[in-house]
Every structure is written in C-alpha cells, then in structure tokens.
1. Could we say that residue 206 is closer than 22 Å to residue 11 by Cβ, under 20 Å from the mean Cα position of the chain (by Cα) and free of Cβ contacts under 8 Å to residues at least 60 places away in the same chain here?
2. Can you find, within segment 100-114, the residue that is farthest from residue 31 (Cα to Cα) among those that are modelled with pLDDT of 80 or more and open to solvent by less than 40 Å² (accessible area, probe 1.4 Å)?
3. Scan (1) open to solvent by less than 40 Å² (accessible area, probe 1.4 Å); (2) aliphatic (A, V, I, L, M); (3) under 21 Å from residue 157 (Cβ atoms) for the single condition residue 56 breaks and write down its number.
4. Return yes or no: is residue 66 in a helix (DSSP H, G or I), touching a residue at least 40 places away in the same chain (Cβ under 8 Å) and closer than 15 Å to residue 225 by Cβ?
5. Considering only segment 217-261, how many residues are within 19 Å of residue 163 (Cα to Cα) and over 19 Å from the mean Cα position of the chain (by Cα)?
6. Check whether at least one residue in segment 67-88 is hydroxyl-bearing (Ser, Thr, Tyr) and open to solvent by 40 Å² or more (accessible area, probe 1.4 Å), and report yes or no.
7. Of everything in segment 22-63, what is of a type in the set (Phe, Trp, Tyr) and in contact (Cβ under 8 Å) with a residue 60 or more places away in the chain? Give them in sequence order.
Amino acid sequence: MEWKNILRGFAMGIADLIPGVSGGTIAVILGIYDRLIAAISGFFSKEWKRHALFLIPLGLGMVITILSLSRVIDFLLENYFAPTQFFFLGLIIGIIPMLFKELDSRASFKSSYWIAIVIGTILVASMAFIRPAEADIITNLSPATMALLFFSGWLASMAMLLPGISGSFILLLIGVYPTAIRALSELNIPLILIIGAGVGVGFIVSSKIIRYLLTHKPGVTFAVIIGLVLGSLAVVFPGLPESGLQWMLSLVMFAAGWIIVHLLNRVSV
C-alpha cells in the first residue's frame, strides 16, 4: 500500500474542488499520470490487487480533502480569489518545461505535434469565455434529477482525468456545481452517492480510452495534453489584482506554486 498516495490525493482533491483547475494536471505535476490512468483502466483486470493498492490511498486522500475542505476552498475563492488562482498559475507555468521534456522522452518531436498542441490549447482556452448561468440547487430527487446528477458526475470525471480540463468547471457549465458543493458541505449522502456513481463509471470508461491513446499514439496524445495544460492558463487566470495587498499576495502565491512544482520534480515518484 503506497500511503504517500494519500498526500497526492490531498493535492488532487483540492484541485478538483476549484473550477478551472484539473486534478489531472496535478497528477502530471506529481509524476503519476500514466500510472493513474493504467490503474483505473486495469482495476477490473487480473492485476486488480496491484492497482487497488495504488488507488485506495489516492482515493482516500481525495475523499478526505473534498469532504473536509469544501468549505475552506469556498472561503478562499470568495475572499482570496486572485491569490488562490495565481497559486495554480504558478503550478501550471512551472510544469510546462517539464512537459516538453517528457514529450521528447516519449517520441521524437515532430512539427505536426505543434498542431496537436494548438488544438488542445484552443479547446481549453475557449472555456475562459463561457460564463455559466446561475443554477438552482437541487434538493428533491426525481428520475430526471437523478439522471442529471449521474451523467453530470460521468462528464465531470472524464474531465478530471484530462489535464487542463476542470471537472468542477464542467459541473458549472451543466449547472450542477452549486448542488454538488452543497451536498458535500452538508453530507447529503443520496446526492453524493448518485454523483459519485457517475464519477466512477466515467473514470473507468475514459481511462481505457486515454490509456489506449498513450500506448499507441504517445507523441501526439501527449502533445494534446500539453495543449490542454497551456489552455488552462486562460481559464485559471483571474485577471489583474485590484489592490496592492492583492498584488503582493498573488505574487507570493504564484512563486509558491512555481517553487512547489520544482521541488516535487526533484523527488522521485
């Protein structure tokens, strides 16, 4: 059992609580993205025990973080939005040179990869111009709302596994994010179970697709991943801080994110 995965799960859980930030990006930063995809994809294979020993502590860390810090994240986004987002900007910018180095190690860089990078960048960056409408919080369960919550969890989980695409942002677009956050903060078990079931199914299906692409088309697939991460900069960027204090806090948090990435890169996985 890899208990240090609990700490990795903490980091991924925090990212998945914030619209615009991807748990998949954090997995890339931590150096466990390929292994995560392989473990989820192979969970129902003959090697399920090995994959379970990797995933259980990781999932435990994510669940603990999501259940315990949903209110804290909500407070930070409401009161310190710019510094919080600048922290993740530091993480993302810090990892970009490492991603290009990783791409070189997977396949000889081809000029066509730039096309894949641009496509991935545009795909995610365009989300920065989408402004979700206000949505009502779902309190009464019916067949229609249960189906909506299940498939929302499915779509969000697929986004969680893709670096640069935020599962929380997908929930915002669908209009389910306020319901999900309220359910987590109030421990509304029926709602959590329905959304969680969708998340579980989405993880399994999308992980198999991503694993196939990473195995058979590693160069172009990783080029797209780099584009997704680059595009997330436009989504995460909160705009310029409004005051001197906000400027200072934002710069400090940006530097902290950048430093953390480089410290993590020195630690063996």
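The values are calculated or read from the model by the stated rules, or taken from the named source; none is laboratory data. Fair warning: this is a prediction, and the values are worked out from it, not measured in the lab. No Cβ is skipped: glycine too gets one built from the backbone with ideal geometry, and neighbour counts run over all protein chains shown. For accessibility, only protein heavy atoms count, side chains too; no ligands or nucleic acids. Shrake-Rupley method; radii C 1.70, N 1.55, O 1.52, S 1.80 Å.
1. So residue 206 fits the description; yes.
2. 113
3. Going through (1) open to solvent by less than 40 Å² (accessible area, probe 1.4 Å); (2) aliphatic (A, V, I, L, M); (3) under 21 Å from residue 157 (Cβ atoms) one by one, residue 56 breaks only (1).
4. no
5. 4
6. yes
7. 33, 43, 44
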